1. Work out the length of the dipole vector of the chain about its Cα centre, built from +1 on the beta-carbon of each Lys and Arg and -1 on the beta-carbon of each Asp and Glu, and round it to the nearest 20 debye.
2. In terms of modelled amide H atoms, which long-range or inter-chain residues lie less than 5 Å from the amide H of LEU155?
3. Of ASN218, THR171, TYR199, which is farthest along the charge dipole of region 166-246 in the positive direction, counting Lys and Arg as +1 and Asp and Glu as -1 at C-beta?
4. Just one of [x] 22.7, 79; [y] 21.0, 68; [z] 20.8, 62 is Rg and Dmax of the Cα atoms in Å as worked out from the coordinates here. Which one is it?
5. Under unit Cβ charges (Lys, Arg +1; Asp, Glu -1), what dipole magnitude, rounded to 20 debye, does region 58-148 have relative to its Cα centre?
6. Using the structure shown, list the pairs from LYS295/LYS334; LYS69/LYS338; LYS190/LYS229 with a Cα-Cα distance above 24 Å, or answer none.
7. To the nearest 20 debye, what is the magnitude of the charge dipole of region 241-380 about its Cα centre, counting +1 on the Cβ of each Lys and Arg and -1 on the Cβ of each Asp and Glu?
Amino acid sequence: MKLTQTKRLERLQERYQNGGMDRRTFLGLSAAAAASAGLIARWSGPALAAVTEVRFDGWGGVVQEAIDKYAFQPYTKKTGVKVVQGTFGDENEIITKVKTSNPGDFQIVHSSGVEYYKKYVDGGWVSEINEANIPNMVNVMAAMIEPFRKMTPKLSAVPYDYGTTGIAYNTKVISPEEAKEKGANLLIDKKYAGKIGGYGDMVTRVWYAALQSGQNPNDIKDIEAVWAKVREARDMTKKYWSSGAELMDLLSKEEIVVTEAWSGRIAALQQQGKPVAYLDPKGSYAWMEDMLILKGSPMAECEELVNFMLDPATAIAVAEGQNYPPSLDPNKVKLTDKITKLPAYDPTGTMTALTFADPNYWAANNDAWTKQWDRISKGA
């Protein structure tokens with residue numbers, strides 16, 4: 001069946017938004033098709049207008065401040081494209097919004113690695129990046145890209161940084177020797193009851209309870225033993241925090257003396273001179289973050305922005321500002337002393353020393369475990 005010019009234009013636009021052609025080609029073909037069909041008035045608006053802004057949603061706080069200062073502001077100055085920013089404390093918040101929004105309403109998400117990538121893939125919200133438009137990907141660690149490519153050979157996300165959820169403790173109360181000896185069990189030490197904090201999400205609760213019950217978090221054999229540890233920790237916890245800013249506030253004010261913590265946020269506290277130390281116990285939860293481009297986004301502009309962010313000078317400046325190591329391969333790019341001293345930094349570029357969540361295993365258990373954690377958090 002012969003396509004109408006209007007249908008041809010719609011297909012061209014869909015192909016462009018999904019990353020199937022670059023902006024210049026799209027504009028040329030669309031303009032030609034529109035002119036031949038006498039549709040200039042209709043298609044000379046949003047479809048052909050230059051993109052003037054890109055939407056970004058991230059974690060807020062010092063992390064997003066660093067990205068804005070060292071990446072977004074220079075990018076806007078160079079291109080004239082504004083980065084409109086939103087924030088979230090838990091990525092499930094943005095997933096809920098994406099579910100009920102139109103394609104293109106949300107565009108780039110500072111996402112939490114392969115576990116969350118699977119959620120976007122399963123939801124049908126991913127795009128297909130034209131990697132030729134992101135040449136700086138050549139400097140990204142292959143070990144970080146591989147897990148994403150196993151899920152979708154045509155990527156919708158590019159790894160950007162990584163870190164760990166380890167243990168932070170007040171050095172005026174707890175010695176390094178005690179912390180190292182007790183490891184994950186420091187978080188359920190009765191002598192610190194009422195001064196213990198924790199991240200209030202299911203994954204962290206189950207992960208550390210698995211360690212405390214002597215199990216592999218990626219292959220739990222006795223889930224009831226895990227829930228028993230979750231309840232034990234709950235009964236000693238002063239407060240569950242929900243954002244990096246809240247974590248830093250609780251430790252700074254010494255309302256808590258020990259908690260799970262995000263490595264970069266503790267590095268920031270240490271740079272402020274706070275009496276806080278950081279430990280990654282054996283099996284500590286490691287994660288990588290990515291710049292995820294959602295379906296319906298203006299692909300060429302999003303790809304251009306991500307490529308700009310991956311420029312070594314930009315990525316290093318952001319890493320130093322947010323205190324998380326970049327995804328740049330240290331065998332290809334010389335990193336600064338500040339970065340090589342950050343918690344969780346991997347000097348090999350292989351990531352083999354870090355323990356990441358198995359996305360398929362956790363996805364299979366996510367709903368049931370989330371419901372159970374919600375019950376326990378309410379006192380069950």
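A short reminder: the numbers here are calculations on the coordinates, not readings from a lab. Remember, it's a predicted structure, so these values are computed and weren't measured experimentally. Using ideal geometry, Cβ is built from the backbone for each residue, glycine included, and neighbour counts are taken over all protein chains shown.
1. On the way: 45 positive and 46 negative charges, 128 e Å.
The dipole of the chain has a size of about 620 debye.
2. Correct list: ILE129.
3. Checking the options against the dipole of region 166-246, the answer is THR171.
4. Of the listed options [x] 22.7, 79; [y] 21.0, 68; [z] 20.8, 62, [x] comes from this structure.
5. Working: 8 positive and 11 negative charges, 75 e Å.
Roughly 360 debye, rounded to the nearest 20.
6. Details: LYS295/LYS334 34 Å; LYS69/LYS338 18 Å; LYS190/LYS229 13 Å.
LYS295/LYS334, as the Cα separations exceed 24 Å there.
7. Details: 12 positive and 19 negative charges, 78 e Å.
Using Cβ point charges on Lys, Arg, Asp and Glu, region 241-380 gives about 380 debye.
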